[in-house]
Structures are given as C-alpha cells and as structure tokens.
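Novice: Quick one: this structure, given as structure tokens, is what I'll be asking you about.
The values are calculated or read from the model by the stated rules, or taken from the named source; none is laboratory data. What you see is a predicted model; the values in this text were computed from it and never measured. In this analysis, Cβ positions are derived from the backbone assuming ideal geometry, glycine residues included, and neighbour counts consider all displayed protein chains.
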Amino acid sequence: GTGVQAIGNLTLNGGTTQFIDGSSITSGTLAVAQNSTIQVTPGDVTTGNLLDQDEGTQRKLINSSNTLSAEDLAKLILQDTQGQSIASGVEVAINQGDGTVATGTYNYALSGLGGGLSVMSQLVKLALAAGKTLTIDTAGATSNSLSAAITGAGNLALNAGGGTLTLSNVANNYTGTTVINGGTVVAGSNNALGNSSLLTTLAGSAFSLNGKTQALGALTNAGTIDLSGGTLTLNNGGTSSTAGGLSGNGRLVVSGGELTLSKANAGLAGSTA
C-alpha cells in the first residue's frame, strides 16, 4: 500500500509485502516466521544527493521496537515490484532538468539497522549519457566525495561551492567534457577525471592533482590548476588565461598541440614538457 500504516505486532509468515510510493509500516514488534518476499521500487530508494547515495542510503520500510537477527534477514527475499530479484548491479535512470542524463548502478540489501526493516542502497557507477551533462553538486549533501566509477560518453559538471569535491575511482573512463563551476575539485585517485576530452575551469574554481596523475584531451583554464605533486598530461594543449592559473610542484606535460599561457604563473614550481 501507500502512506504509513500503523499496526500492532507484525509477523512475516510467507507471502509478499510490497512498499510503493514511499510507503512504510509502524508496528510494535517485527518477527520473521517463514521465508517472505519484500518488494520495493528501486527509484523510490535511490533519492537524495548523488554524493550521499555514493556513501549509501537507508530507507526504513518497517519501524519496530526490536532488531531483526541475521537469521531473520536471511529468510527475506528482496525484489522490485515486478518480482525481479534486486541485490547488486541494478540500473536506475538519473534524471536532471527535463531528461535522463545518466544511468546509475546500485547495490541493494535489506538491513535491520536501527530496528525494524530497512532497504539499503549504494551508488557504485554512473554511466554518462552521450550528448547530456550530469551535474554533481555538494550543495545539500552530507558527503563531499564520490567513489562510484564514472563511465560513458556524456559530460560532467562539478560544483563544490566554497569547499572541495573529491573524485576517487581509478576506473573512471568517461570521455565527455568536464567543467568545474565552483570550488575545488580534488583528484582522490589517478584518472579522477577519466578520459575527459576537455577540462574547463571557470573563474574562482580549481582542480587539484593532489599528487595523482591525470591525462586530458585539452584544457581551458580560467581558474586554477594546482599540480600539487601530481602529473597533468594534455594531449591537445589548450589555454590558461588567469594570473597564477597554473601552480604547484609537479609535472605538466603537453604531448600534443600547444598550451597558450596569457598571464604569468609565478607559483608554478614543477617541471614542464
């Protein structure tokens, strides 16, 4: 059903209990007597900021005064509302604006954390849709890091506000463009920006290599690139138009094309090639 249903004690004694449109049950105690099926809509579970979904989110299905044991949980089968088993590798459309900009891959599990019964979900991959742009913004998020793999041919827009946003998956291999709209994006792993064809930093924004390695197609830098002990390779050159736009101790390699610098970069202490 839908909404919140309040009942006395609840025993799952076989059969199927379906939770749709954010519905939940409040009971005194919860028991699992026989193997039973719990059905949810994956899209109802995967809500909130993508950064928090990456950390893992919990949706309470049944509120009760007791905590289920591992043996109880083992009797429960998690399915979607079509009767298909969901556990790992479930794909859900990521919609922003007026359309789908990416496909998220999630892992799901039932849990007794905090009493009663919850469904846990964790974002493990984002596949960017070709010709579309996925925005990841720290505004409203508890977490400021993303470890889910970023793949696909689409584009990525990053906004860390006045803080930082860390990308940390060495398997990132998306090929679209990347724009940093604000704050500092930090490489938490090698290849944090995948195989991005173009990195654009807007005024006041920054990208920190943080000791990591990153290869990009090209660079349009109106903000700051801080090598910070890392290595940045530009396969097709680019431009850097701000004073001090390139800084830090590290290595900058231009393997193809030309990198045009229109202002001084006194803080650049690394080597160039």
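Novice: Can you confirm whether Q96 is under 21 Å from T151 (Cβ atoms), surrounded by 13 or more Cβ atoms within 10 Å (Cβ to Cβ) and not aliphatic (A, V, I, L, M)?
Specialist: Yes, satisfied.
Novice: Which one is nearest to V4 (Cα to Cα), of the residues in region 28-83 that are out of contact with any helix residue (DSSP H, G or I) (no Cβ under 8 Å at 6 or more places or on another chain) and basic (K, R)?
Specialist: In this case the residue turns out to be K60.
Novice: Which condition number in (1) in contact with a strand residue (DSSP E or B) (Cβ under 8 Å, 6 or more places away or on another chain); (2) surrounded by fewer than 23 Cβ atoms within 10 Å (Cβ to Cβ); (3) outside the structural domain of T81 (by TED's automatic domain parsing) is the one that S143 fails?
Specialist: Tallying (1) in contact with a strand residue (DSSP E or B) (Cβ under 8 Å, 6 or more places away or on another chain); (2) surrounded by fewer than 23 Cβ atoms within 10 Å (Cβ to Cβ); (3) outside the structural domain of T81 (by TED's automatic domain parsing), S143 fails exactly one: (1).
Novice: Under 20 Å from A157 (Cα atoms) and either among the acidic types (D, E) or crowded, with 20+ Cβ neighbours inside 10 Å (or both): which single residue out of L193, L227, L268 fits that description?
Specialist: Unique residue meeting the criteria: L193.
Novice: Let me ask you something else. Residues of region 226-236 being assigned to a strand (DSSP E or B) and not hydroxyl-bearing (S, T, Y), which ones?
Specialist: Residues satisfying the conditions are D226, L232, L234.
Novice: Can I ask one more? Taking only pairs six or more apart or across chains, which ones have beta-carbon atoms under 6 Å, a first residue in region 1-23 that is touching a residue at least 24 places away in the same chain (Cβ under 8 Å) and of a type outside the set (S, T, N, Q), and a second residue that is surrounded by 13 or more Cβ atoms within 10 Å (Cβ to Cβ) and part of a loop (DSSP other than H, G, I, E, B)?
Specialist: Here the result reads L10/S27; I20/T41, each pair linking region 1-23 to a residue that is surrounded by 13 or more Cβ atoms within 10 Å (Cβ to Cβ) and part of a loop (DSSP other than H, G, I, E, B).
Novice: Identify, by number, the condition in (1) within 30 Å of V185 (Cβ to Cβ); (2) free of Cβ contacts under 8 Å to residues at least 12 places away in the same chain; (3) polar (S, T, N, Q) that N144 doesn't meet.
Specialist: Going through the list (1) within 30 Å of V185 (Cβ to Cβ); (2) free of Cβ contacts under 8 Å to residues at least 12 places away in the same chain; (3) polar (S, T, N, Q), N144 breaks only (2).
Novice: In addition: Can you find a residue in region 256-273 that is outside any strand (DSSP E or B) and either within 20 Å of L50 (Cα to Cα) or of a type in the set (K, R) (or both)?
Specialist: For region 256-273, residues outside any strand (DSSP E or B) and either within 20 Å of L50 (Cα to Cα) or of a type in the set (K, R) (or both): present.
Novice: Can I ask one more? So which residues in region 51-84 are in a strand (DSSP E or B) and within 14 Å of S36 (Cβ to Cβ)?
Specialist: L61, I62, L76, I77, L78, Q79
Novice: Is it the case that region 196-217 has a residue that's in contact with a helix residue (DSSP H, G or I) (Cβ under 9 Å, 6 or more places away or on another chain), of a type outside the set (S, T, N, Q) and over 21 Å from N236 (Cβ atoms)?
Specialist: Filtering region 196-217 for residues in contact with a helix residue (DSSP H, G or I) (Cβ under 9 Å, 6 or more places away or on another chain) gives none.
No, region 196-217 has no match at all.
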